Amino acid sequence: MASRESAPSVPEVRLKDLSPAVSPIELVARIVTFDRREVTRRADGSRRPLASGLLSDGTASVRFTWWDPPREGLERGTVVRAVGAEVREFRGRPEVTFTWRTRVGPASPAELPRVDGEEVPFRTVRELVAPLEGFRLEARVVRVAPRSVTVGEERRVVHEGLLADRTGAVALSSWSDFGLVAGEAVRVAGGYVRTFRGRPQLVLDERATVVRIEGTDLPDPTELLRAPPRSIARVEDEGGGAAVAVEGLVVGLLPPSGLVYRCPTCQRSVKNGLCRVHGQVDGQLDLRARIVLDDGTGSLTVNAGRADTERLGGLTLDDARRRLRDQPDPSLIAEELLERLLGRRLRVRGSGTRDDFGVTITPESIEPVEVDLDSTAEELATRLGGGRS
Ligand SMILES: [Zn+2]
């Protein structure tokens with residue numbers, strides 16, 4: 001027993017430096033994914049629990065195998081220290097195995113290795129595909145704003161925004177306040193990329209580093225925000241994007257549009273007095289429009305909130321509420337909105353996500369475009385095949 005207790009000291013290794021030549025090792029890493037299952041032993045047919053998943057420490061992500069893992073499982077995001085982990089190579093990539101000899105215990109995120117921006121490879125925005133860790137990025141802060149969120153029982157502030165370089169733009173979510181200001185150029189290291197609503201999102205926390213840089217090669221933020229609209233077909237092909245601009249004609253509204261009831265707690269729309277999460281609630285009236293925009297190459301949905309719907313539809317929530325008292329049929333409001341919006345040309349900017357029903361844009365701005373009758377007539381003529389060639 002004594003020999004098992006006094007395990008010889010092993011070197012602490014960062015995941016990017018893993019090599020089968022140095023094993024066993026000590027490591028500190030975050031559990032990114034954790035899947036527990038049972039395997040049948042060939043020798044006697046007995047079942048043995050096994051977990052596998054992904055570990056990361058900010059320098060790299062590697063697969064792990066854990067024999068006899070904790071029965072209660074481990075929550076994603078938990079940081080562990082493992083002493084005596086074995087390193088193997090599988091298909092040319094190192095992996096770690098926690099055996100009966102490995103001591104695995106909880107650790108604090110502060111024990112994770114500090115990531116120096118110079119040591120990790122440079123990535124462009126276009127190369128940020130989840131899951132990804134251990135890179136540095138140079139980008140322009142296009143916009144950033146704090147938002148208060150509830151995490152479990154706790155109120156926390158997350159700084160959300162958009163970063164861009166010459167290759168594209170990516171959504172940002174920072175749990176640490178780096179004092180980011182729109183327009184400045186930064187070098188970021190120690191973050192990770194996850195998928196959020198089908199799009200890559202760069203997440204920063206307390207172990208990330210942000211350095212201000214000159215950024216002469218980076219795009220001008222106003223240029224980015226004024227980028228000309230692209231065809232809807234192209235936006236569809238690209239699966240949406242963090243900074244999408246399109247222009248098209250309103251060809252319809254999707255339900256629910258007009259007056260809707262929202263849950264007072266989570267703002268989800270309420271059907272028959274029931275919130276999907278909070279059950280029976282006293283729904284609050286809101287005004288919205290799910291606009292179908294078409295530019296001739298394709299169509300997409302723009303989820304307009306109350307302010308945009310009021311402005312474009314020329315109808316306030318109070319007007320709508322008053323009308324509902326006179327004529328208790330909410331579908332009349334949707335019809336009126338459709339009448340006012342149909343055929344209007346809109347330029348929409350925002351973030352776009354794609355699912356089975358196509359691309360949906362969460363708008364940052366919706367601007368009606370003055371229609372030049374000559375060019376519209378020409379466009380129509382071209383579409384109908386009668387244009388001058
Ligand atoms: Zn709710």
Please verify whether the stretch 45-53 includes one or more residues that are assigned to a loop (DSSP other than H, G, I, E, B), open to solvent by less than 40 Å² (accessible area, probe 1.4 Å) and touching a residue at least 60 places away in the same chain (Cβ under 8 Å). no
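Here is a yes/no grid of residues against (1) assigned to a strand (DSSP E or B); (2) more than 20 Å from ALA130 (Cβ to Cβ):
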| position | (1), (2) |
| --- | --- |
| LEU172 | yes, no |
| ASP177 | no, yes |
| ALA243 | yes, no |
| LEU253 | yes, yes |
| PRO256 | yes, yes |
Checking the conditions here, which among VAL292, VAL251 is away from the ligand (no atom under 12 Å from the Cβ), open to solvent by 60 Å² or more (accessible area, probe 1.4 Å) and in the same structural domain as THR360 (by TED's automatic domain parsing)? VAL251
Hits in the stretch 267-285 - residues which are polar (S, T, N, Q) and within 8 Å of the ligand (Cβ to nearest atom): GLN267
Among residues of the stretch 312-334 being open to solvent by 30 Å² or more (accessible area, probe 1.4 Å) and closer than 16 Å to ARG290 by Cβ, the residue modelled with the lowest pLDDT is PRO330
Pairs returned, first residue in the stretch 270-290 that is on the phi > 0 side of the Ramachandran plot, second residue that is within 14 Å of the ligand (Cβ to nearest atom), beta-carbon separation under 9 angstrom, 6 or more apart or interchain, are GLY273/TYR261; GLY273/GLN280; GLY273/VAL281; GLY273/ASP282; GLY273/GLY283
How many of the residues in the stretch 214-233 are outside any helix (DSSP H, G or I) and either surrounded by fewer than 16 Cβ atoms within 10 Å (Cβ to Cβ) or of a type in the set (Lys, Arg) (or both)? 9
Pick from GLY191, GLY183, GLY179: which is of a type outside the set (A, V, I, L, M) and touching a helix residue (DSSP H, G or I) at 6+ places or on another chain (Cβ under 6 Å)? GLY183
Limited to the stretch 153-168, what total is found for residues that are of a type in the set (D, E, K, R), within 15 Å of ALA227 (Cα to Cα) and either assigned to a loop (DSSP other than H, G, I, E, B) or touching a Phe, Trp or Tyr at 6+ places or on another chain (Cβ under 7 Å) (or both)? 1
Suppose we filter the stretch 122-151 for residues that are under 30 Å from LEU15 (Cα atoms) and at pLDDT below 85; how many remain? 6
Quick one: in the stretch 93-120, of everything that is part of a loop (DSSP other than H, G, I, E, B) and open to solvent by 60 Å² or more (accessible area, probe 1.4 Å), which residue is nearest to ALA21 (Cα to Cα)? ARG101
Filter result (surrounded by 15 or more Cβ atoms within 10 Å (Cβ to Cβ) and either at pLDDT below 90 or part of a loop (DSSP other than H, G, I, E, B) (or both)) within the stretch 276-289: VAL281, GLY283
Here are some residues: GLY343, GLY296. Which one is touching a helix residue (DSSP H, G or I) at 6+ places or on another chain (Cβ under 7 Å), in a loop (DSSP other than H, G, I, E, B) and under 30 Å from GLY239 (Cα atoms)? GLY296
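The values are calculated or read from the model by the stated rules, or taken from the named source; none is laboratory data. Since this is a predicted model, take the numbers as computed values, not measurements. Cβ atoms come from the backbone with ideal geometry, glycine included; neighbour counts cover every protein chain shown. What goes into the accessible areas is simple: the full protein's heavy atoms, side chains included, and nothing from ligands, DNA or RNA. Shrake-Rupley method; radii C 1.70, N 1.55, O 1.52, S 1.80 Å.
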